[in-house]
Amino acid sequence: MVKSSFISVISQEESKGSVEFQVLSFTNKIKKVTSHLKLHKTDYLSQRGLQQTLGKRQRLLRYLSNINTVRYKELIDQLDIRELKTR
């Protein structure tokens, strides 16, 4: 789960354009759609939206890992998500 201290830090900054805030909002959206899909297994439009959101979050995380690895590591630890696969 997302740690509350991290959410308060992000909301205090109120920088909605920051990579961290965008990844946080995508993560919350992914969790919400995932719980919806557990009930509605044949909702293919929501499945496609989930895949698109996962792709957006993955691209943002890749950008952050290329720019600043320390912030990337802190973010994935705080949000409890897996690291990106390296090619």
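The values are calculated or read from the model by the stated rules, or taken from the named source; none is laboratory data. All values reported here derive from a predicted model rather than from experimental measurement. Because the Cβ atoms are built from the backbone with ideal geometry, glycine has one as well, and the counts that use them run over all protein chains shown. The protein model used for the area step is the full one, side chains on, heavy atoms only, and it has no ligands, DNA or RNA in it. Shrake-Rupley method; radii C 1.70, N 1.55, O 1.52, S 1.80 Å.
Between residues in the range 55-68 that are closer than 10 Å to Phe26 by Cα and free of Cβ contacts under 8 Å to residues at least 40 places away in the same chain and residues that are assigned to a helix (DSSP H, G or I) and open to solvent by less than 30 Å² (accessible area, probe 1.4 Å), which pairs lie under 6 Å by C-beta distance while being six or more apart or on different chains? Taking only residues 6 or more apart or on different chains, the pairs are Arg57/Val23. Just one of the numbered conditions (1) open to solvent by less than 40 Å² (accessible area, probe 1.4 Å); (2) without any contact (Cβ under 8 Å) to a residue 24 or more places away in the chain is not true of Thr34: (1). In this structure, Thr53 qualifies as surrounded by 15 or more Cβ atoms within 10 Å (Cβ to Cβ) and modelled with pLDDT of 95 or more. Within the range 66-85, the residues that satisfy the criterion of being in a helix (DSSP H, G or I) and either surrounded by fewer than 15 Cβ atoms within 10 Å (Cβ to Cβ) or acidic (Asp, Glu) (or both) are Asn66, Ile67, Thr69, Val70, Arg71, Lys73, Glu74, Asp77.
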